[in-house]
1. Is one or more of the residues making up segment 93-108 under 20 Å from residue 141 (Cα atoms), in a loop (DSSP other than H, G, I, E, B) and touching a helix residue (DSSP H, G or I) at 6+ places or on another chain (Cβ under 7 Å)?
2. Do we find a residue being at pLDDT below 75 and under 16 Å from the mean Cα position of the chain (by Cα) anywhere in segment 197-204?
3. With surrounded by fewer than 20 Cβ atoms within 10 Å (Cβ to Cβ), touching a residue at least 40 places away in the same chain (Cβ under 8 Å) and touching a strand residue (DSSP E or B) at 6+ places or on another chain (Cβ under 8 Å) as the only criterion, which of 79, 71, 101 stands out?
4. Just to verify a result, which residue in segment 109-128, among those that are out of contact with any strand residue (DSSP E or B) (no Cβ under 7 Å at 6 or more places or on another chain) and not in a helix (DSSP H, G or I), is nearest to residue 189 (Cα to Cα)?
5. Which numbered condition trips up residue 40, out of (1) within 16 Å of residue 148 (Cα to Cα); (2) touching a helix residue (DSSP H, G or I) at 6+ places or on another chain (Cβ under 6 Å); (3) assigned to a loop (DSSP other than H, G, I, E, B)?
6. Filtering segment 129-140 down to residues that are touching a strand residue (DSSP E or B) at 6+ places or on another chain (Cβ under 6 Å) and in a loop (DSSP other than H, G, I, E, B), which residue is surrounded by the fewest Cβ atoms within 10 Å (Cβ to Cβ)?
7. Can you confirm whether residue 1 is closer than 21 Å to residue 141 by Cβ, touching a strand residue (DSSP E or B) at 6+ places or on another chain (Cβ under 9 Å) and either modelled with pLDDT under 95 or surrounded by fewer than 15 Cβ atoms within 10 Å (Cβ to Cβ) (or both)?
8. Condition test on residue 162, is it in a loop (DSSP other than H, G, I, E, B), within 30 Å of residue 7 (Cα to Cα) and under 14 Å from the mean Cα position of the chain (by Cα)?
């Protein structure tokens, strides 16, 4: 699915993190625990960046939490779902489950089982994602991209390529934690150091080298334009 075409009829953008600068920035931003919304600082949300990036004739529809009937019946060429976790700092971020914040799971299931979709995860750490992979066409882990959402759309639409490597192991379930390279039962969702680009030749080399044994292809991009962050995409 990636890179996404800019010139299509209709695009659905969904999820609580698509139009929220506070969620993009995370904790330690403006206040200790961060903020929610778009009033505390200036910037470009992911939704705003999508609208600026696509062809003028492409209709972008934002619906934070659509049901499956709406996603199926509205004639969307594809969907961009933006979910993740809420801002936190220090102990306020302690979590025994490391799950995507509500209503994110419902949004993923309702949209991605109805239309081709790319899911963008906004978080400061790996979250449990394996349950959603069968219905997702592409996955981007944007970490906390900050105020400039265009850094994400530059990659979504192919203006720049994914070039980085995963700086830590991405677990399947929290029961595996702590997980480190070299552990006797090391079985991550994505291993430390794994990453591909949208280049077909790079994908072929990495897969043949045994970088991953799954039906998904993983690519990562590191950027210092809007602060250090990494993006992961999965191509089925």
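1. There is at least one residue in segment 93-108 that is under 20 Å from residue 141 (Cα atoms), in a loop (DSSP other than H, G, I, E, B) and touching a helix residue (DSSP H, G or I) at 6+ places or on another chain (Cβ under 7 Å).
2. If we filter segment 197-204 for residues that are at pLDDT below 75, which is where we start, we get 197-204.
Applying the additional criterion that residues be under 16 Å from the mean Cα position of the chain (by Cα) yields 197-198.
Yes, some residue in segment 197-204 is at pLDDT below 75 and under 16 Å from the mean Cα position of the chain (by Cα).
3. Step by step, each of 79, 71, 101 is checked, and only 101 is surrounded by fewer than 20 Cβ atoms within 10 Å (Cβ to Cβ), touching a residue at least 40 places away in the same chain (Cβ under 8 Å) and touching a strand residue (DSSP E or B) at 6+ places or on another chain (Cβ under 8 Å).
4. The first filter runs over segment 109-128 and keeps only residues out of contact with any strand residue (DSSP E or B) (no Cβ under 7 Å at 6 or more places or on another chain), leaving 109-110, 113-114, 125, 128.
With the extra rule that they be not in a helix (DSSP H, G or I), the set shrinks to 113-114, 125, 128.
Values: 113: 21, 114: 25, 125: 14, 128: 9 Å.
If we take residues in segment 109-128 being out of contact with any strand residue (DSSP E or B) (no Cβ under 7 Å at 6 or more places or on another chain) and not in a helix (DSSP H, G or I), then 128 is nearest to residue 189 (Cα to Cα).
5. (2)
6. Kept after step one, since they are touching a strand residue (DSSP E or B) at 6+ places or on another chain (Cβ under 6 Å), are these residues of segment 129-140: 136-140.
Within this subset, residues satisfying the condition of being in a loop (DSSP other than H, G, I, E, B) are 136-137.
Values: 136: 21, 137: 18.
Per the stated criteria, the residue is 137.
7. Numbers: closer than 21 Å to residue 141 by Cβ: yes; touching a strand residue (DSSP E or B) at 6+ places or on another chain (Cβ under 9 Å): yes; either modelled with pLDDT under 95 or surrounded by fewer than 15 Cβ atoms within 10 Å (Cβ to Cβ) (or both): yes.
Yes.
8. Numbers: in a loop (DSSP other than H, G, I, E, B): yes; within 30 Å of residue 7 (Cα to Cα): yes; under 14 Å from the mean Cα position of the chain (by Cα): yes.
In short, yes.
The values are calculated or read from the model by the stated rules, or taken from the named source; none is laboratory data. Keep in mind that what you see is a predicted model, and the values were worked out from it rather than measured. Heads up, the Cβs are rebuilt from the backbone with ideal geometry, glycines too, and the neighbour counts pull from every protein chain shown.
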